[in-house]
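S.K.: Here it is, the structure in full.
The values are calculated or read from the model by the stated rules, or taken from the named source; none is laboratory data. Since the structure is predicted, the reported quantities are computational estimates derived from the model, not experimental observations. Here the Cβ positions follow ideal geometry from the backbone for every residue, glycine too, while neighbour counts run over all protein chains shown.
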Amino acid sequence: MLNPKQSDKLASVMLYTIAGFVILVLAALVGYILVQGVPHLSWHFLTSPSSAFTAGGGIGVQLFNSFYLLIMTMIISFPIALGAGIYLHEYANQKNQFIRLTRTAIEILSSLPSVVVGLFGFLLFVVQFKLGFSILSGAIALTFFNLPLLTRSVEDSLRSIPNLQREAGAALGLSRWETVGHIILPAAVPSIVTGVVLSAGRVFGEAAALIYTAGQSAPALDFGDWNPFNTASPLNIMRPAETLAVHIWKVNSEGIMPDAAAVSAGASAVLIIAVLLFNFLARFLSSVLYKHLTATK
Amino acid sequence: MDLIRESLLKKSKASKKDQFGRVITFSALLLIVLVVVSIFWFVASKGLATFFSNKVNLWDFLSGKNWAPGQTDASGTPLTGALPMITGSFLVTLMAALIATPFAIGTAVFMTEISPKRGAKILGPVTELLVGIPSVVYGFIGLSVIVPTLRYLFGGSGFGILAGAMVLFVMILPTVTSMTVDTLKSVPRHYRESALALGATRWQTIYKVILRSATPGILTAVVFGMARAFGEALAVQMVIGNASLMPKDLTSPASTLTSILTQGIGNTVMGSLENNVLWSLALILLLMSLVFNIIIRAIAKKGAI
Amino acid sequence: MTANLQGSLNLTGSQPDRHIYQMDKDKHEIALSTTDLQVAYGNNVALQNADLSFERFKITSLIGASGSGKSTFLRSLNRMNDDVATVGGQIMYRGLDINSHDIDVYEMRKHIGMVFQRPNPFAKSISDNITFALKQHGMHDKKKLAEIVETSLKQAALWDEVKDDLKKSALSLSGGQQQRLVIARAIAMKPDILLLDEPASALDPISSSKIEDTLMELKKHYTIIIVTHNMQQASRISDYTAFFHAGEVIEYDLTRKIFTRPKVQLTIDYVNGNFG
């Protein structure tokens, strides 16, 4: 048997080994993608359309689709999440049974597999409402996927604003709505923005919810045509739009172009870099906005 | 005097604004609830159609080993045995959780107890970042690194349960680790101090005091990771081989609920039996995510007492 | 609680267990009065049997130990407790029971303002802090707003310190200045009654005495009700004092009587610092 001192020593060695191994795995993971993918990145790769059968295709359309879909998703989901978050924190009676049920529902929504959310979007919007594989269907599916997290982050941001501020507004005869709109929300902006950007990173990389809603094809776009009602216009929300994440999956499971591995490595690298950027952007924005808010002019 | 009295009895502009705000924000909340209810409603009604309209026997569905919904067996009943996928899903999830748990706990203990400085500076941000990496990227890694490695080690194609479990292990590791770190951090400082003051070694303190009091939180982290693994579709689909056969070993092509679902739903006709059974698979996914949710709640309830 | 209270009173024998000063409506103009006010947080009764009248243009102090119900009482007067507690009884203001459902709370709070223990200026400029609520209530005349900013800051004795940088963020002020800004913000609404919940307890002695001077000045135009822990402060500034204990008003009288010849044993003990 080991004495306590020896087992302490042994445990320490083990913990160092485990931590070292995990660091190694995670570093290898990121390293592999960057090493494989970054050399493949070029202006051509990032801007030209993909090709199905021959080498030399790019990810231009997919990259644009990812960003466009992200923006559409945020336009739909942010107002809803903001409203729900405000109600939950500023108006709701926390002991009310219905409110508790609501919280449970939101929690369940956040834990649903994204493929199920995507299939629901497919069933209801693509098929029933006949929206087809489109940016709109995709954005709605991503909204469902995004709402719980965003709502929670709005609520947490509101919670971080001291109650003193609410009392100040109330004591001046201001309605809760006025106090929230003019006092509480402006003070919560830095952390709400952080939450939005972090959720944007998640939405940007989501694929399973999209393959049957935004679709798996990326028709060529005419970047000279910005009329949203034209079929080839990048802004058209009724066109199918394969995103970067979906492209990686598609290329790997069905791709027959000779440079599939290189294309997916490059696309993966772009995805990871985008997630990194969203992360830094969140940190940066929150600190800048926070400084601005407390600035003494 | 009277003006003030009157104004007190009338509905003020502020009251009206407040009413407006209440209605608007409540509608937003209601919309979310509506979404959750309709997801359950639609998936359940589609998924149950297999049993009510197509008269598939529930037990045959859950325990049958032959999956070929387009074909019928000798007696004319369609081959809708979902056991291969159910087994596949549970196997990859359990294996991934089994491998990830010790690594996650070890790393979390290292980050909070052994080397908090390095933990805070390097490991912390790195795990946070990895939590955000899209699952297709994990799938791609699996396809280009794990599958060839397994092929080299064990022969065969490399696709299979083991490849799926490895991909999910790497995928849930950051999540489980960072949740475990949060739990360990919430263990009160004086627990450590009093244990050390009683002459316990660092390892005894970690093992007997800290991990013990953090058990509910760690369990939550693991179950949360399992829920993610169980519901993950594309990363698994890319490496498991997608053969709807009962898994004979860990390194031959198999399938999970999600992998068959993503593959099949586009290739079947809405309303047909082939399509409805796929929705039944989706319903199992939905119910399992409820089960994970209930487990997490039960742990939280027990931990609170 | 009540049983306990009576037990201790029986020991002291001859004194009354309660003494409430009754205001003569012909001699005093009453700004606000409560009848049988009761406040409960869930099943926990924090205050009961509170019947007090407050004279116009006077300062009334509410004293008592922590948890005696004095802050609960004060916060009920402009219904700041509505969300967290059930408040029973009547609060009469201008002949109306403002504790009733017919009353528009937001409108009422314009006339019964409140200042809290910790300064809570908005993260806006000094002048915006004062004008924000006025603008929301529909006042947009720039000249008039500027005038109000000046007069209310003067009344709160802050004008001379900030007149040159009214655009500066209110958060850059010191704690004492912030609290006077908050008072200025409250009086800019031209309320009848000003409720203050330990407004000086978070401040240093110098800022605290400035606040006291401000209040003495303000009572010319406002009825002031102030909760305070500081008995010297109560005796210096207030005309009336109410002593709270265990959720009830034990004694209410002219301040000089409370501090020189209190009638109830509990008040004597508290004022002499025997508990608290």
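S.K.: From the list B:LEU168, B:LEU143, B:LEU173, B:LEU150, which residue is in contact (Cβ under 8 Å) with a residue 40 or more places away in the chain, surrounded by 19 or more Cβ atoms within 10 Å (Cβ to Cβ) and touching a Leu at 6+ places or on another chain (Cβ under 7 Å)?
M.R.: Working: B:LEU168 fails: touching a Leu at 6+ places or on another chain (Cβ under 7 Å); B:LEU143 fails: touching a Leu at 6+ places or on another chain (Cβ under 7 Å); B:LEU173 fails: touching a Leu at 6+ places or on another chain (Cβ under 7 Å).
Within the list B:LEU168, B:LEU143, B:LEU173, B:LEU150, the selection yields B:LEU150.
S.K.: Then there's this: When A:LEU198 is evaluated against the numbered criteria (1) more than 10 Å from chain B (Cβ to nearest Cβ); (2) over 21 Å from B:VAL33 (Cα atoms), which criterion, by number, is the only one it fails?
M.R.: Among (1) more than 10 Å from chain B (Cβ to nearest Cβ); (2) over 21 Å from B:VAL33 (Cα atoms), the lone unmet condition for A:LEU198 is (1).
S.K.: Somewhere in the range A:52-69, is a residue touching a helix residue (DSSP H, G or I) at 6+ places or on another chain (Cβ under 9 Å), within 10 Å of chain B (Cβ to nearest Cβ) and surrounded by fewer than 16 Cβ atoms within 10 Å (Cβ to Cβ)?
M.R.: no
S.K.: Out of everything in the range A:74-109 that is more than 30 Å from C:VAL84 (Cβ to Cβ) and more than 14 Å from chain B (Cβ to nearest Cβ), what residue ends up being surrounded by the most Cβ atoms within 10 Å (Cβ to Cβ)?
M.R.: Top of the filtered list is A:MET74.
S.K.: Just to check your reading of the model, which residue among C:ILE59, C:ILE98 is within 14 Å of another protein chain (Cβ to nearest Cβ), touching a helix residue (DSSP H, G or I) at 6+ places or on another chain (Cβ under 7 Å) and β-branched (Val, Ile, Thr)? Let's see the steps before the verdict.
M.R.: Numbers: C:ILE59 fails: within 14 Å of another protein chain (Cβ to nearest Cβ).
Checking each option against the conditions leaves just C:ILE98.
S.K.: How many residues are of a type in the set (Asp, Glu) and in a loop (DSSP other than H, G, I, E, B) when one looks only at the range A:146-172? Working first, answer last.
M.R.: In the first step, residues of the range A:146-172 are kept if they are of a type in the set (Asp, Glu); the result is A:155-156, A:167.
Still in the running and in a loop (DSSP other than H, G, I, E, B): none.
Number satisfying all stated conditions: 0.
S.K.: Search the range A:142-182 for residues being of a type in the set (S, T, N, Q) and within 31 Å of the chain's Cα centre (by Cα), and hand back the single one that is nearest to the other protein chains (Cβ to nearest Cβ). Steps first, answer last, please.
M.R.: Start the filter on the range A:142-182 by keeping residues that are of a type in the set (S, T, N, Q), which leaves A:143, A:146, A:151, A:153, A:157, A:160, A:163, A:165, A:175, A:179.
Applying the additional criterion that residues be within 31 Å of the chain's Cα centre (by Cα) yields A:143, A:146, A:151, A:153, A:157, A:160, A:163, A:179.
On the way: A:THR143: 9, A:ASN146: 11, A:THR151: 7, A:SER153: 14, A:SER157: 15, A:SER160: 13, A:ASN163: 9, A:THR179: 9 Å.
Across the range A:142-182, the extreme among qualifying residues is A:THR151.
S.K.: Filter the range B:202-260 down to the residues that are among the hydroxyl-bearing types (Ser, Thr, Tyr) and more than 14 Å from B:VAL92 (Cα to Cα), then identify the one that is modelled with the highest pLDDT.
M.R.: Going through the range B:202-260, the residues among the hydroxyl-bearing types (Ser, Thr, Tyr) turn out to be B:205, B:207, B:213, B:215, B:220, B:244, B:251-252, B:255-256, B:258-259.
This time we only want the ones that are more than 14 Å from B:VAL92 (Cα to Cα), so: B:205, B:207, B:213, B:215, B:220, B:244.
Numbers: B:THR205: 84, B:TYR207: 81, B:SER213: 87, B:THR215: 90, B:THR220: 94, B:SER244: 83.
Taking the candidates together, the pick is B:THR220.
S.K.: Do we find that B:SER15 is among the polar types (S, T, N, Q) and either surrounded by 15 or more Cβ atoms within 10 Å (Cβ to Cβ) or free of Cβ contacts under 8 Å to residues at least 12 places away in the same chain (or both) in this structure? Reasoning before the result, please.
M.R.: Values: among the polar types (S, T, N, Q): yes; either surrounded by 15 or more Cβ atoms within 10 Å (Cβ to Cβ) or free of Cβ contacts under 8 Å to residues at least 12 places away in the same chain (or both): yes.
Answer is yes for this residue.
S.K.: Tally up the residues in the range C:137-184 that are free of Cβ contacts under 8 Å to residues at least 60 places away in the same chain, assigned to a helix (DSSP H, G or I) and within 14 Å of chain A (Cβ to nearest Cβ), please.
M.R.: Matching residues across the range C:137-184 total 10.
S.K.: Given the structure, is A:ARG283 surrounded by fewer than 17 Cβ atoms within 10 Å (Cβ to Cβ) and within 12 Å of chain B (Cβ to nearest Cβ)? Talk me through it step by step, then tell me what you get.
M.R.: On the way: surrounded by fewer than 17 Cβ atoms within 10 Å (Cβ to Cβ): yes; within 12 Å of chain B (Cβ to nearest Cβ): yes.
Taking the combined requirement at face value, the residue satisfies it.
S.K.: A further question on this structure: Being among the hydroxyl-bearing types (Ser, Thr, Tyr) and either touching a Phe, Trp or Tyr at 6+ places or on another chain (Cβ under 7 Å) or over 18 Å from C:ARG56 (Cβ atoms) (or both): is that true of C:SER209 here? Give the steps one after another, and end with the answer.
M.R.: Working: among the hydroxyl-bearing types (Ser, Thr, Tyr): yes; either touching a Phe, Trp or Tyr at 6+ places or on another chain (Cβ under 7 Å) or over 18 Å from C:ARG56 (Cβ atoms) (or both): yes.
Yes: the conditions hold for C:SER209.
S.K.: Looking only at the range A:147-165, how many residues end up being within 23 Å of A:MET72 (Cα to Cα) and hydrophobic (A, V, I, L, M, F, W, C)?
M.R.: 4
S.K.: Go through the residues of the range C:248-261 one by one and say whether even a single one is farther than 30 Å from C:ILE98 by Cα and in contact with a strand residue (DSSP E or B) (Cβ under 8 Å, 6 or more places away or on another chain).
M.R.: The answer is yes; a qualifying residue exists.
S.K.: If you don't mind, another one. A:THR54: over 27 Å from the mean Cα position of the chain (by Cα) and in contact (Cβ under 8 Å) with a residue 24 or more places away in the chain, yes or no? Show your work before the answer.
M.R.: Numbers: over 27 Å from the mean Cα position of the chain (by Cα): yes; in contact (Cβ under 8 Å) with a residue 24 or more places away in the chain: yes.
Answer is yes for this residue.
S.K.: Within the range B:141-169, restricting attention to residues that are touching a strand residue (DSSP E or B) at 6+ places or on another chain (Cβ under 7 Å) and not in a helix (DSSP H, G or I), which residue is nearest to B:PHE230 (Cα to Cα)? Give the steps one after another, and end with the answer.
M.R.: Filtering the range B:141-169 for residues touching a strand residue (DSSP E or B) at 6+ places or on another chain (Cβ under 7 Å) gives B:157, B:159-161.
Subset that is not in a helix (DSSP H, G or I): B:157, B:159-160.
Numbers: B:SER157: 23, B:PHE159: 18, B:GLY160: 16 Å.
Among residues in the range B:141-169 that are touching a strand residue (DSSP E or B) at 6+ places or on another chain (Cβ under 7 Å) and not in a helix (DSSP H, G or I), the one nearest to B:PHE230 (Cα to Cα) is B:GLY160.
S.K.: Next up: Which of the following residues is in contact (Cβ under 8 Å) with a residue 12 or more places away in the chain, surrounded by fewer than 24 Cβ atoms within 10 Å (Cβ to Cβ) and among the aliphatic types (A, V, I, L, M): A:LEU136, A:LEU164, A:LEU150? Steps first, please.
M.R.: Numbers: A:LEU164 fails: in contact (Cβ under 8 Å) with a residue 12 or more places away in the chain; A:LEU150 fails: surrounded by fewer than 24 Cβ atoms within 10 Å (Cβ to Cβ).
Criteria check complete, one pass: A:LEU136.
So that you can scan it fast, the table gives a plain yes or no per residue for (1) within 9 Å of another protein chain (Cβ to nearest Cβ); (2) at pLDDT 85 or above:
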| residue | (1), (2) |
| --- | --- |
| A:ASP8 | yes, no |
| A:THR17 | yes, yes |
| A:LEU41 | no, yes |
| A:THR47 | no, no |
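S.K.: What do you reckon, is B:PHE61 surrounded by 13 or more Cβ atoms within 10 Å (Cβ to Cβ), within 25 Å of the chain's Cα centre (by Cα) and over 22 Å from A:THR143 (Cα atoms)? Steps first, answer last, please.
M.R.: Numbers: surrounded by 13 or more Cβ atoms within 10 Å (Cβ to Cβ): yes; within 25 Å of the chain's Cα centre (by Cα): yes; over 22 Å from A:THR143 (Cα atoms): yes.
So B:PHE61 passes the test.
S.K.: Can you name the condition, by its number, that B:ARG192 falls short on among (1) buried (at least 20 other Cβ atoms within 10 Å of the Cβ); (2) in a helix (DSSP H, G or I)?
M.R.: (1)
S.K.: Additional query: Need at least 2 residues that are within 26 Å of B:MET226 (Cβ to Cβ), of a type in the set (Val, Ile, Thr) and more than 11 Å from chain A (Cβ to nearest Cβ) per element, so show me which helices (runs of 4 or more DSSP H) inside the range B:1-120 make the cut, counting only ones lying wholly within it.
M.R.: Values: elements: B:2-9, B:13-52, B:58-63, B:83-109.
The helices (runs of 4 or more DSSP H) meeting that bar are B:83-109.
S.K.: Considering each residue of the range A:226-260, count those that are part of a loop (DSSP other than H, G, I, E, B) and of a type outside the set (Val, Ile, Thr), and give that number. Walk me through how you get there before you give the answer.
M.R.: Pass one, the range A:226-260, residues part of a loop (DSSP other than H, G, I, E, B): A:226-243, A:255-259.
From what is left, the residues that are of a type outside the set (Val, Ile, Thr) are A:226-230, A:232-236, A:238-242, A:255, A:257-259.
The number of residues fulfilling the criteria is 19.
S.K.: While we're on this one: Give the range C:101-123 a look and list any residue that's under 21 Å from C:ASP36 (Cβ atoms) and facing chain B (nearest Cβ under 9 Å), or say none. Spell out how you get there, then give the answer.
M.R.: Pass one, the range C:101-123, residues under 21 Å from C:ASP36 (Cβ atoms): C:101-103, C:105, C:108, C:112.
Passing the criteria: C:ASP102, C:ILE103, C:VAL105, C:MET108.
S.K.: If you don't mind, another one. State yes or no: is B:VAL136 modelled with pLDDT of 90 or more, within 11 Å of chain A (Cβ to nearest Cβ) and over 30 Å from B:VAL109 (Cβ atoms)? Step through it out loud before you land on a result.
M.R.: Numbers: modelled with pLDDT of 90 or more: yes; within 11 Å of chain A (Cβ to nearest Cβ): yes; over 30 Å from B:VAL109 (Cβ atoms): yes.
Yes.
S.K.: Is at least one residue of the range C:141-162 in contact with a strand residue (DSSP E or B) (Cβ under 6 Å, 6 or more places away or on another chain) and either of a type in the set (S, T, N, Q) or modelled with pLDDT under 95 (or both)?
M.R.: From the range C:141-162, those in contact with a strand residue (DSSP E or B) (Cβ under 6 Å, 6 or more places away or on another chain) are none; that's our starting set.
No: zero hits.
S.K.: Of these, B:LEU153, B:LEU173, B:LEU198, which one is at the interface with chain A (Cβ under 8 Å from one of its Cβ atoms) and either more than 18 Å from the chain's Cα centre (by Cα) or within 30 Å of A:LYS9 (Cβ to Cβ) (or both)?
M.R.: On the way: B:LEU153 fails: at the interface with chain A (Cβ under 8 Å from one of its Cβ atoms); B:LEU198 fails: at the interface with chain A (Cβ under 8 Å from one of its Cβ atoms).
Matching residue, one of B:LEU153, B:LEU173, B:LEU198: B:LEU173.
S.K.: Right, something else. Of all residues in the range A:201-215, which are on the phi < 0 side of the Ramachandran plot, within 11 Å of another protein chain (Cβ to nearest Cβ) and in a loop (DSSP other than H, G, I, E, B)? Even if it seems obvious, please write down each step before you answer.
M.R.: Going through the range A:201-215, the residues on the phi < 0 side of the Ramachandran plot turn out to be A:201-214.
From what is left, the residues that are within 11 Å of another protein chain (Cβ to nearest Cβ) are A:201-212.
Within the range A:201-215, A:GLU206, A:ALA207, A:ALA208, A:ALA209, A:LEU210, A:ILE211, A:TYR212 qualify.
S.K.: Grab the strands (runs of 3 or more DSSP E) fully contained in the range C:5-122, keeping just those with 2 or more residues being surrounded by 22 or more Cβ atoms within 10 Å (Cβ to Cβ) and either touching a residue at least 12 places away in the same chain (Cβ under 8 Å) or more than 19 Å from the chain's Cα centre (by Cα) (or both).
M.R.: On the way: elements: C:30-41, C:44-50, C:53-55, C:59-64, C:86-93, C:112-115.
In the range C:5-122, the matching strands (runs of 3 or more DSSP E) lie at C:30-41, C:44-50, C:59-64, C:86-93, C:112-115.
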